[in-house]
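Take a look at the structure set out below.
The values are calculated or read from the model by the stated rules, or taken from the named source; none is laboratory data. Predicted, not measured: the structure shown is a model, and the values here were computed from it. As a convention, Cβ positions derive from the backbone with ideal geometry for all residues, glycine included, and neighbour counts pool all protein chains shown. Ligands, DNA and RNA are stripped out before the accessible areas are found, and what is left, the full protein with its side chains, is counted by its heavy atoms. Shrake-Rupley method; radii C 1.70, N 1.55, O 1.52, S 1.80 Å.
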Amino acid sequence: MSLTLFLVQTLNGLQFGILLFLIAAGLTLVFGVMDFINLAHGVQYMVGAYLAAWFTALTGDFFLGLLLALPTALLFGLLLEWLVFRHLYGRDHLDQVLATFGVILFLNEAVKVAWGSSPLSVPIPDAFSGSVRMMDGLLYPVWRLVVIGSGFAIAIGLALLVSRTRLGMLVRAGAVNAPMVSALGVDIGRLFMIVFGFGAMLAGFAGAMVAPILSVEPGMGDNILILAFVVIVIGGIGSIRGAFAAALLVGLVDTLGRSFGPQMLRLMLDPSAASQTGRALAPMLIYILMAAVLIVRPAGLFPAQR
Amino acid sequence: MSAAGTDIAVTAKARQAVGGRERAIIATFVLLALAPIAAQAGPQGYIIDLITRMMIFAIAALSLDLILGYGAMVSFGHAAFIGLGAYAVGILASHGVTDFVVQLAAALAAAAVFAFVTGALSLRTKGVYFIMITLAFSQMLFFFGVSLSAYGGDDGLSLPERSRLFGLPLFSSDKGLFYATLACLIGCYLLCRAIVASRFGRVLRGARENPVRMTAIGFSPYRFQLVAYVISGMMAALAGALLANQTGFVSPAYMSWQRSGELLAMTIFGGVGTLVGPIIGAMAFLALEEWLAGLTEHWKMIFGPLLVCVVLFARGGIMGLAARIGGKRDG
Amino acid sequence: MAEALLSVDGLCKAYGALTVSDNVSFEVAPGELHALIGPNGAGKTTLIHQLSGLLRSDSGHVRLGGEDITRLPMAERVHRGLARSFQITSILPGFSALENVALAAQARSGSSFRFFANAAREDDLNAQAMESLRTVGLQGRASTPAGVLSHGEKRLLELAIALATAPKALLLDEPLAGTGKEESQSVTATLRQLKGRFAIVLIEHDMEAVFALADRVSVLVYGKIIATGTPEQIRNDPAVREAYLGEEGEAAHA
Ligand SMILES: Nc1ncnc2c1ncn2[C@@H]1O[C@H](COP(=O)(O)OP(=O)(O)OP(=O)(O)O)[C@@H](O)[C@H]1O
Ligand SMILES: [Mg+2]
């Protein structure tokens with residue numbers, strides 16, 4: 001296993017982790033503050049990617065597209081909240097699962113109707129296309145670095161927002177004890193809406209940022225949603241810090257596991273058995289990780305203080 | 001006395017609901033038994049095939065209701081057991097073992113072991129964490145299926161032939177498979193009904209309502225929940241074994257999380273904790289899916305909002321709705 | 001005094017910096033009714049949780065009939081004859097009163113891993129449950145869903161459930177909590193009937209009931225037992241009067 005390959009995969013893992021964090025951040029807050037299981041959070045990511053692709057095609061400029069996509073994703077999230085989700089707060093988790101499952105079915109189909117079922121591709125903005133030489137023999141695509149950088153910036157901003165502002169304080173308090181916050185006279189409905197819209201926009205942003213490097217297609221949010229759930233469960237529901245740590249962990253474990261798992265196993269098994277077992281085990285790794293974390297710490301790594 | 005009055009009214013209403021359910025399920029079974037005869041008037045093969053499929057998922061939804069409705073265990077990974085059952089049939093058949101008894105024994109054993117191990121771990125967590133850990137375990141199995149390159153990996157594998165029963169090609173005719181499935185469905189229903197009313201079921205139901213109380217009279221809910229989880233998993237594996245025969249095909253897609261979501265949806269759609277509801281719910285779910293798919297390619301755009309509406313406006317699913325309509329008529 | 005049935009020795013429990021049970025020791029003889037009184041937040045419920053096994057103790061020992069049960073889980077303690085009731089009613093609201101009690105009987109009569117026979121038709125269990133219901137005077141409400149019973153009836157049902165576990169010792173956490181005058185009289189009458197048949201630890205704020213029923217009284221303040229004695233001794237204990245009965249003593253004079 002060469003060092004450069006390892007570094008490249010580590011960067012890929014980071015990029016994947018950052019992507020997961022952007023999606024998981026909203027999910028964990030919505031979950032923590034509103035006790036609401038939103039399976040439809042993954043389609044917010046998809047919608048973000050589609051909007052970015054669409055606006056980019058319309059305007060011919062990715063950043064203009066992004067600028068238009070973000071508020072649209074926000075409005076879209078708020079619309080969904082108003083139409084469906086707000087009627088589900090305080091309901092049984094089962095009801096929430098079923099209803100948001102219905103929303104997924106609808107939206108996955110709706111994007112097909114609107115944009116066709118074949119994947120859309122978004123060109124990487126000119127200024128950031130190509131690769132940089134990070135060290136001898138290590139070329140890395142610039143856009144992926146941009147994704148990593150912007151993700152970290154948002155993570156820091158979010159951490160400040162949650163730890164330093166009044167809104168953040170309410171969110172933290174809400175994650176621990178929502179009825180109490182409500183009893184103190186805070187308009188919990190509005191707080192929910194803000195948190196929700198914010199989460200939707202972050203997921204949309206994630207979708208938009210990876211639109212140039214992934215294919216934009218119906219159902220693209222489904223699997224990443226499950227990974228985001230893995231992240232927030234490992235991190236501890238309601239905890240931004242936990243989501244961040246867990247997202248990077250999951251991103252790195254998944255990426256490195258897939259590329260180096262078989263080689264590691266070769267130390268113990270004969271080559272063909274190693275590559276077979278390795279390929280079988282790699283995608284399961286993060287689920288094994290999650291099960292292990294939950295067995296040792298049933299409320300995740302950084303449980304919100306209750 | 002007013003208290004005694006409400007007392008009698010409550011018991012009477014409960015009894016009436018149970019009576020209504022009983023009638024509904026008997027009617028359903030009779031209609032199912034007659035369906036192949038009635039289907040002669042139409043595209044028989046298609047109808048028998050569809051109804052067989054509906055009954056298979058009814059078994060799976062029923063098994064889910066046992067833990068969901070009576071044990072409050074929200075499993076978001078139930079499709080894993082369907083996959084285990086289906087793969088047991090598919091893998092054995094590909095090695096020339098076509099006897100259903102052997103295949104089923106393998107399916108049930110695999111499901112029991114998987115349920116026991118994952119259940120023992122999952123039941124240490126509560127609430128949302130339980131939902132997510134069951135999901136995680138089923139995803140593991142899903143990816144394991146994908147990695148089984150000897151058995152088709154991602155693409156799955158086709159059954160060389162349908163299972164035989166003691167050497168007889170009983171399932172090879174669609175009607176044979178139909179009645180075998182119906183028999184399994186009725187058997188599972190009766191089994192679940194007995195379990196729910198038994199000593200075991202009573203403890204399980206008690207633990208759903210108030211686990212602390214159950215501990216305070218000397219039960220450890222954990223053991224009961226685990227056994228229920230195993231029973232439920234085995235029943236879903238039976239559904240999987242039948243499904244492999246019905247489709248003649250096995251693939252990891254049977255275990256995807258969307259499948260688990262659909263099973264939950266079927267169960268809730270019918271009415272959680274009623275046994276009858278999930279049976280009817282699963283069949284209505286698939287029938288509706290089939291009907292809408294016939295109307296438009298984009299049927300999911302109708303189906304999705306319909307699920308949302310069921311949650312928002314029809315609490316308790318079909319059985320809840322039926323009970324309310326029945327209550328209104330009598331009240 | 002007779003050999004203690006329940007003996008508590010140096011039990012401690014802290015929530016972070018807050019010590020809720022502070023080196024608590026006392027004994028209850030067979031048939032003795034030992035009342036535990038103390039102001040709100042003194043740690044009475046916590047102590048019952050520790051004795052029953054709902055909460056783990058930080059240190060100390062609980063013995064039942066000479067056996068150390070400190071490390072046993074709650075369900076095991078019940079099987080050894082230690083039953084409890086809850087301050088905040090804890091019943092199975094969807095089950096009939098009879099079934100609530102029958103479940104307790106089921107817990108100690110044979111295996112509950114029976115999957116086929118209808119449990120509600122087991123005459124033996126129902127008869128035992130009915131017996132307990134009769135003891136507390138709820139025999140007329142047997143088929144009523146527990147959730148729709150009146151508050152006082154629920155308190156009685158709690159007692160019936162505890163009785164149906166065939167206990168040697170009963171831990172009763174404010175059986176009179178929230179009851180009205182009439183209800184409290186019927187619960188008190190039931191308690192009087194139980195007295196002498198079991199070793200009972202009774203937590204109660206209703207002093208009238210405590211002094212009428214108790215053989216001995218312990219006073220818990222800030223997690224510490226500050227006095228133990230006969231009702232008469234406690235009534236006259238200056239430390240108790242100061243720490244706890246102060247107000248009530250004056251109220252009684254007024
Ligand atoms: N889970 C907990 N975490 C932290 N502190 C707790 C917890 N449970 C109880 N306490 C504290 O322990 C103390 C004792 O509570 P406990 O319920 O045992 O009192 P009590 O004597 O039963 O009061 P009451 O007469 O009101 O029933 C209280 O100060 C309470 O706030
Ligand atoms: Mg108390």
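Among the helices (runs of 4 or more DSSP H) lying completely within the range A:199-306, list those that include at least 1 residues that are hydrophobic (A, V, I, L, M, F, W, C), under 21 Å from B:Ile133 (Cα atoms) and more than 14 Å from chain B (Cβ to nearest Cβ).
Per the criteria, A:240-266.
Mind counting the residues in the range B:151-179 that are out of contact with any Ser or Thr (no Cβ under 9 Å at 6 or more places or on another chain) and assigned to a helix (DSSP H, G or I)?
Count: 3.
With the requirement that a residue be within 7 Å of another protein chain (Cβ to nearest Cβ) and either within 16 Å of B:Ser260 (Cα to Cα) or part of a loop (DSSP other than H, G, I, E, B) (or both), what does the range B:100-125 give you?
B:Arg124, B:Thr125
From the residues in the range C:13-23 that are within 12 Å of C:Ile225 (Cα to Cα) and either within 13 Å of ligand 1 (Cβ to nearest atom) or among the aliphatic types (A, V, I, L, M) (or both), which one is surrounded by the most Cβ atoms within 10 Å (Cβ to Cβ)?
The qualifying residue surrounded by the most Cβ atoms within 10 Å (Cβ to Cβ) is C:Ser21.
Kindly indicate whether C:Ala104 is surrounded by 16 or more Cβ atoms within 10 Å (Cβ to Cβ) and at the interface with chain B (Cβ under 8 Å from one of its Cβ atoms).
Yes: the conditions hold for C:Ala104.
Are there any pairs with C-beta distances below 7 angstrom linking a residue in the range A:253-270 that is β-branched (Val, Ile, Thr) to a residue that is buried (at least 16 other Cβ atoms within 10 Å of the Cβ), with the two at least 6 apart or on different chains, and if so which?
A:Val253/A:Leu285; A:Val253/A:Ile286; A:Val253/A:Leu289; A:Thr255/A:Gln9; A:Thr255/A:Asn12; A:Thr255/A:Gly13; A:Thr255/A:Phe16
Scanning the range B:272-328 for residues that are β-branched (Val, Ile, Thr) and part of a loop (DSSP other than H, G, I, E, B), which turns out nearest to the other protein chains (Cβ to nearest Cβ)?
The selected residue is B:Val272.
Do you know which of the residues in the range C:195-252 that are at pLDDT 90 or above and among the acidic types (Asp, Glu) is farthest from the chain's Cα centre (by Cα)?
Among residues in the range C:195-252 that are at pLDDT 90 or above and among the acidic types (Asp, Glu), the one farthest from the chain's Cα centre (by Cα) is C:Glu232.
Any idea which residue in the range C:37-53 is farthest from the other protein chains (Cβ to nearest Cβ), counting only those that are within 12 Å of the chain's Cα centre (by Cα) and more than 9 Å from ligand 1 (Cβ to nearest atom)?
Applying the filter and picking the extreme gives C:Leu51.
Answer yes if at least one residue in the range B:130-149 is small (Gly, Ala, Ser) and either more than 14 Å from chain A (Cβ to nearest Cβ) or open to solvent by 30 Å² or more (accessible area, probe 1.4 Å) (or both), and no otherwise.
Yes, there is a match, as at least one residue in the range B:130-149 is small (Gly, Ala, Ser) and either more than 14 Å from chain A (Cβ to nearest Cβ) or open to solvent by 30 Å² or more (accessible area, probe 1.4 Å) (or both).
Taking B:Ala239, is it within 11 Å of the chain's Cα centre (by Cα), away from every other protein chain (no Cβ under 12 Å) and of a type in the set (Gly, Ala, Ser)?
So B:Ala239 fits the description; yes.
Quick check on the range B:199-223: of everything there that is surrounded by fewer than 23 Cβ atoms within 10 Å (Cβ to Cβ) and touching a residue at least 60 places away in the same chain (Cβ under 8 Å), which residue is farthest from B:Tyr87 (Cα to Cα)?
Taking the candidates together, the pick is B:Arg208.
Residues checked against (1) open to solvent by 20 Å² or more (accessible area, probe 1.4 Å); (2) part of a loop (DSSP other than H, G, I, E, B); (3) over 27 Å from C:Pro93 (Cα atoms):
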position	(1), (2), (3)
C:Lys154	yes, no, no
C:Leu172	no, no, no
C:Glu183	yes, no, no
C:Thr228	yes, no, yes
C:Glu232	yes, no, yes
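Any residue that is within 16 Å of ligand 1 (Cβ to nearest atom), under 30 Å from C:Ser143 (Cα atoms) and in contact with a strand residue (DSSP E or B) (Cβ under 6 Å, 6 or more places away or on another chain) - is there at least one of those in the range C:59-79?
Within the range C:59-79 (the criterion being within 16 Å of ligand 1 (Cβ to nearest atom), under 30 Å from C:Ser143 (Cα atoms) and in contact with a strand residue (DSSP E or B) (Cβ under 6 Å, 6 or more places away or on another chain)), the answer is no, since none of the residues qualifies.
Inside the range B:180-198, can you point out the residues that are open to solvent by 40 Å² or more (accessible area, probe 1.4 Å) and either part of a loop (DSSP other than H, G, I, E, B) or at the interface with chain C (Cβ under 9 Å from one of its Cβ atoms) (or both)?
B:Leu191
Kindly indicate whether C:Glu158 is within 14 Å of chain B (Cβ to nearest Cβ), of a type outside the set (A, V, I, L, M), within 16 Å of ligand 1 (Cβ to nearest atom) and not in a loop (DSSP other than H, G, I, E, B).
For C:Glu158, the condition - within 14 Å of chain B (Cβ to nearest Cβ), of a type outside the set (A, V, I, L, M), within 16 Å of ligand 1 (Cβ to nearest atom) and not in a loop (DSSP other than H, G, I, E, B) - is met.
Select from the range C:92-108 the residues that are within 21 Å of the chain's Cα centre (by Cα) and among the hydrophobic types (A, V, I, L, M, F, W, C) and list them in ascending order.
C:Leu92, C:Ala97, C:Leu98, C:Val101, C:Ala102, C:Leu103, C:Ala104, C:Ala105, C:Ala107
Suppose the filter is in contact with a Leu (Cβ under 6 Å, 6 or more places away or on another chain), buried (at least 17 other Cβ atoms within 10 Å of the Cβ) and under 19 Å from A:Ala40 (Cα atoms); does A:Phe101 pass it?
Taking the combined requirement at face value, the residue satisfies it.
Of all residues in the range C:107-117, which are more than 7 Å from every other protein chain (Cβ to nearest Cβ) and crowded, with 21+ Cβ neighbours inside 10 Å?
Listed by number, the list is empty, since nothing qualifies.
Going residue by residue through the range A:216-237, is there one that turns out to be under 30 Å from A:Gly102 (Cβ atoms), over 15 Å from the mean Cα position of the chain (by Cα) and among the charged types (D, E, K, R)?
Scanning the range A:216-237 turns up at least one residue that is under 30 Å from A:Gly102 (Cβ atoms), over 15 Å from the mean Cα position of the chain (by Cα) and among the charged types (D, E, K, R).
Inside the range B:89-99, can you point out the residues that are open to solvent by less than 10 Å² (accessible area, probe 1.4 Å) and either among the β-branched types (Val, Ile, Thr) or at the interface with chain A (Cβ under 8 Å from one of its Cβ atoms) (or both)?
Residue satisfying the conditions is B:Val89 alone.
Under 9 Å between Cβ atoms, at least 6 apart or on separate chains: pull out the pairs that start in the range A:83-103 with a residue that is in contact (Cβ under 8 Å) with a residue 60 or more places away in the chain and end on any residue that is acidic (Asp, Glu) and outside any loop (DSSP other than H, G, I, E, B).
Final answer for the pair search is A:Phe101/B:Glu262.
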